[in-house]
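First up is the structure itself, then whatever we jot down about it.
The values are calculated or read from the model by the stated rules, or taken from the named source; none is laboratory data. These numbers were taken from a predicted model, which means no experiment stands behind them. Every residue, glycine as well, gets a Cβ built from its backbone with ideal geometry; the counts of neighbours run over all protein chains shown. In case anyone asks, the SASA skips ligands and DNA or RNA and just uses the protein heavy atoms, side chains included. Shrake-Rupley method; radii C 1.70, N 1.55, O 1.52, S 1.80 Å.
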Amino acid sequence: MSYLRKVAAIIAKDIAAELRTREMLSSMGVFSILVIIVFNFALELTDRQIVLTATPGALWVTIIFAGMLGLNRSLAVELDKGCLDGLLLTPVDRSAIFFGKALGNALFMLIVEVVVLPLFVVFFDVPLIRPWVMVIVVLGTLGFAGVGTLLSSMAVNTRAREVMLPILLFPVAMPELVAAVKATAGAMAGLPVSEWQQWLTLLIVFDVILVAVSFMVFEYVVEE
Amino acid sequence: MIHVKGLVKSFGPTMALRGVNLSVPEGQFLTVVGPNGAGKTTMLRILATLSRPTQGVVQIGGHALPQGAAEVRRHIGLVSHQTLLYGDLSAEENLRFYGRMYDVPDLDARVTQVLEQVGLAHRRRDPVRTFSRGMQQRLAIARAVLHRPSLMLLDEPYTGLDQDAAARLETVMSTVGTEGRTVVMTTHDLERGLAVADRVVILVKGRVAFEANRSELDTAAFKEAYRQHTLA
Amino acid sequence: MRPKIDVAGSALTIASAALVVTALALVFLWAPREITMKEVQRIFYFHVAVDWVGFLAFFVTLVASIAYLRTRDRKWDILGAASVEIGALFLTMGAVTGSLWARPVWNTWWTWDARLTTVAITWLVYLAYLMLRGAIDDPQRRARFSAVYGIVSFVTVPLTFASVFFLRTIHPALFASSTEAQGRMQFETGLGSARMGMTLMLCVIAFTVVYVALLRSRIRLEQMADRVARLQQEIVG
């Protein structure tokens, strides 16, 4: 029980700090809105069919870019004033630190998504507020936040800093992105689950494998 | 308490520590001085379990590092020149968070107690980024002693403090920080370092160049020894 | 001081050269002619061989990465990094040969089917790995982070393949499970498949030996660089 309490404490600490400044959430939110507006002009959105085809991709691109902003910020906060060292000094299990940060990151992404999804509905008139869509968004976010937390904890410790994260993360997150986009398209069209089930399966498999691997190697990243 | 033998730390081809031998019995206050690049911070980080030795034996409280690191961490408090505090959270929130990580029993009472001991009780609800450097260092000490560690590691704690703040820090340290504990402190301040110590060590280029008990030295002799060993 | 003659290295170089020449001969003179694609098809032998090596290199890096994290021995770090460098080279050749083959046959330079996408993503992973290494100064940290990334990114290869596999592919089906005529290769002579198989096998072996030879050279280079750095330190410090 103590392990879970510590994970919860780490998440609570991140939420408390964020509530004070709201820096991360606001930058993620504003960024998402900008991306949506750019999509509006970049894609030929007069044709209804094009809108429907393009939306899942546009949605996930928005989520991923906003997500990376959050990931970078979240780890940068720990490096500032050596707070990560402070955490490492404690007898807390390294994996608890990983889960705490990863779940915290996922939570922030979900909060931003709560804003992004309705915005898509409003601007593009697409049926995104469906239960299955939300399930897919949550699954995609969890996987992305998991491996993203691991990779950003490395990226932030390199000379290139934040720029390194997309380079490391994109190739690795590719299968998840593909699966999420395809599954979202299926769910959005209201198709029965059996039609796009392989994408859902792939998404879950990705999440499980990559989060498990990330959690196992995290200690090697933080231990000097 | 601390037993270091043949400690070597290298970063690729660079050797930061080239075979350090050190023994610190329980309750002793050891001051480590040396020029920049001597390896003081590196050594302290290894003792704090933040870094792994490349070679050599490091034992703290009977536990060998790095295998026994998890157990050792319960008994260590570190004050470094970085505060290790979350700027956006209040003093109280910072302490409560660390207290949870250390499984400190009776957390609320303990937090209040240490805040009073370092003289920051009146600012407990304020975000740490509004604190002056001196106050932040005092809070850092509060954080370090929260879990009642038996070993205190201080890495150049006086850095960036003016005379006043440094004096305040010293008072706090001697009452709260170091009583009944084993202490290893690194510093550039030879006088202060000697005054508070039981034993002193001069570290030069990753090796112990000189060591003596405080009773054997006065300030002048110490300064002379330092000058000699760092010129060579 | 006369440098020692590198026996193993010379042997590998000679073996690679011999094997590659033999492979070339087989591919152009002995292998059967494909009905539809005719001579262009012969590039397939090189394409498959270098792609295979490109992925083999990744597996080697995976093993080296795990070994490094367990032992913290520099030699595994050297192996992992060298393998990625050479693997990237081979994968680039794979993509180029693939494009050269695709153009006359499918009338396009590139397509985002399962295998090609996986090749592209793997290539990006290699690039990311090398950029990561380039951005870290501390050798131990560089080794640790590379190893971690080597492990995490390897997982992504089969997953990427699976993700795009569910989409239809126009890539020639090597193991003949596709029913589309254009997906199958058919050969003129009756012994077609057998000869193809043997030629392919030899090509794969030839390029694997080339990979090993290059790998060895790269490792030795890195080891010498280490020695130089150590000597520098001793003289200066």
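Results, tabulated for the structure shown:
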item	result
Every residue from region B:31-63 that is outside any loop (DSSP other than H, G, I, E, B) and either polar (S, T, N, Q) or open to solvent by 50 Å² or more (accessible area, probe 1.4 Å) (or both)	B:Thr31, B:Thr41, B:Thr42, B:Arg45, B:Gln55, B:Val57, B:Gln59, B:His63
Of the criteria (1) within 14 Å of chain A (Cβ to nearest Cβ); (2) farther than 16 Å from C:Ile219 by Cβ; (3) among the polar types (S, T, N, Q), which one C:Ser65 fails	(2)
Top-ranked residue of region C:123-146 - restricted to ones that are more than 7 Å from every other protein chain (Cβ to nearest Cβ) and aliphatic (A, V, I, L, M), ranked as least open to solvent (accessible area, probe 1.4 Å)	C:Ala143
When residues of region C:199-218 are limited to those that are in contact (Cβ under 8 Å) with a residue 12 or more places away in the chain and open to solvent by 40 Å² or more (accessible area, probe 1.4 Å), the one farthest from the other protein chains (Cβ to nearest Cβ)	C:Ile205
Residue list for region C:27-42, filter: farther than 14 Å from C:Phe207 by Cα and either among the polar types (S, T, N, Q) or open to solvent by less than 50 Å² (accessible area, probe 1.4 Å) (or both)	C:Ala31, C:Pro32, C:Glu34, C:Thr36, C:Met37, C:Gln41, C:Arg42
Within region B:64-75, tally of residues that are surrounded by 17 or more Cβ atoms within 10 Å (Cβ to Cβ) and either farther than 13 Å from B:Leu7 by Cα or outside the structural domain of B:Thr14 (by TED's automatic domain parsing) (or both)	4
Residues of region A:189-221 satisfying the condition of being modelled with pLDDT under 85, open to solvent by 10 Å² or more (accessible area, probe 1.4 Å), of a type in the set (A, V, I, L, M, F, W, C) and part of a helix (DSSP H, G or I)	A:Val193
Flag if A:Ser95 is open to solvent by 10 Å² or more (accessible area, probe 1.4 Å), within 24 Å of C:Gln140 (Cβ to Cβ) and assigned to a helix (DSSP H, G or I)	yes
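Yes/no per residue for (1) assigned by TED's automatic domain parsing to the domain that holds B:Thr41; (2) in contact with a strand residue (DSSP E or B) (Cβ under 9 Å, 6 or more places away or on another chain); (3) under 30 Å from B:Ala91 (Cβ atoms):
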| position | (1), (2), (3) |
| --- | --- |
| B:Val128 | no, yes, yes |
| B:Gln136 | no, no, yes |
| B:Gln163 | yes, no, yes |
| B:Ala166 | yes, no, yes |
| B:Met185 | yes, yes, yes |
| B:Gly206 | yes, yes, no |
